[in-house]
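Attaching a single structure in structure tokens format; questions to follow.
Bear in mind that the values in this text are calculations on the coordinates, not laboratory data. These numbers were taken from a predicted model, which means no experiment stands behind them. Here the Cβ positions follow ideal geometry from the backbone for every residue, glycine too, while neighbour counts run over all protein chains shown.
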Amino acid sequence: MSKFSIAFVDDHPILLEGIASIFASDNAYHVVGKGGTAADALDITNRLKPNVLIVDLNMPGDTLEAMTSISQTMPETKIVAFTSAVGVDSAVEAFEAGASGYVLKGSSADDLRQAVRAVLGGETYITQSLAAQVILALRRVSMQKNKSEAIRLSVREEQIVNLLLEGRTNKEIGEQLDISVKTVKHYMTILMQKLHARNRLEVVLAAQKRLPGSVGSQTRQLLN
């Protein structure tokens with residue numbers, strides 16, 4: 001019977017050795033690697049391609065970025081976050097980064113084994129005390145993404161949005177795009193419908209959410 005390969009990354013040496021020994025003594029698993037940083041997680045996965053990677057979220061380096069990279073380039077490696085971070089937001093971030101399991105460090109060894117078995121079977125595992133809250137939060141995130149992805153703007157609508165973010169008036173937008181003010185107002189009505197906005201300011205704010213980091217002068221003018 002072939003064994004599942006498993007690797008562990010945690011910056012607490014005693015804990016790292018402890019959880020590794022739990023699985024090393026189990027005939028179903030073969031421990032192939034151990035590390036203590038986000039960079040180690042990437043290196044171990046690239047070189048050894050374990051079936052399961054158990055990682056601590058709070059260790060040197062950008063663990064979430066490493067998890068995202070692993071989940072995108074090596075999806076066959078299932079990631080279980082083994083962490084002391086009890087917040088729902090931390091769990092949501094871990095799952096969005098590609099984790100298939102989330103286990104709190106206060107959990108029993110049996111819980112961790114159950115999580116590993118679950119992810120190997122293609123399932124998702126969440127520590128029971130957090131499960132209901134995390135599932136609800138993930139549903140909200142999914143609904144928000146679906147709503148955002150459902151919004152599709154035409155080339156002309158995108159042009160108008162960009163000019164709005166520059167603080168242009170309807171007249172200036174019309175002159176820039178060589179269309180009438182009446183046509184600009186028509187597009188504004190369409191944009192308000194698509195972006196679920198009630199007025200010009202809400203159109204600008206909704207546009208900024210679609211373009212993170214963009215702060216148009218139109219917003220400053222309307223808020224001042």
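If you stretched the chain out fully between residue 58 and residue 96, how much longer would it get, using 0.36 nm times the residue separation minus the C-alpha to C-alpha distance?
Extending this stretch completely gives an extra 12.1 nm.
Have a look at the stretch 41-164 and give its Rg and Dmax from the Cα atoms, expressed in angstrom.
That works out to 17.4, 58 Å for Rg and Dmax.
Same structure, new question: Using unit Cβ charges (K, R positive; D, E negative) and no other charged atoms, how large, in debye to the nearest 20, is the dipole of the chain about its Cα centre?
Charge dipole, the chain, about its Cα centre: 1120 debye, nearest 20.
For residue 196 and residue 129, FRET efficiency with R0 = 30 Å and r from the beta-carbon atoms, rounded to 0.05?
0.25
So, R0 is 30 Å and r is the distance between the beta-carbons of residue 39 and residue 152; what FRET efficiency does that work out to, to 0.05? Mind dumping the intermediate values first?
On the way: r = 39 Å, r/R0 = 1.31.
Once the sixth-power term is evaluated, E becomes 0.15.
Right, something else. Length gain on complete extension for the stretch residue 171 to residue 186, per 0.36 nm per residue less the alpha carbon to alpha carbon distance?
Stretched out fully, the residue 171 to residue 186 stretch lengthens by 4.1 nm.
Once both labels are modelled 7 Å past Cα along the beta-carbon direction, what's the residue 113-residue 46 spacing in nm?
Taking the two extended label points, one gets 3.5 nm.
Also, quick follow-up: Output needed for the chain: three equivalent-ellipsoid semi-axes, defined as square roots of 5 times the C-alpha gyration tensor eigenvalues, in descending order, whole Å.
For the chain, the semi-axes come out at 49, 16, 15 Å.
Just give me a number: lysine pairs in the chain, eight or more positions apart or cross-chain, with C-alpha atoms less than 23 Å apart.
Total qualifying Lys-Lys pairs in the chain comes to 19.
Measure nothing but the geometry: give the 0 to 90° angle between the long axis through the Cα atoms of 200-210 and the longest principal axis through the Cα atoms of the chain, rounded to 10°.
Its long axis makes an angle of about 30 degrees.
Going 7 Å from the Cα of residue 140 toward and past its Cβ, which residues in the stretch 81-109 have a backbone nitrogen under 16 Å from where you end up?
So the set is 87-96.
Using Cα pairs under 8 angstrom and six or more residues apart, how large is the relative contact order of the chain, in percent?
Relative CO of the chain lands at 12 percent.
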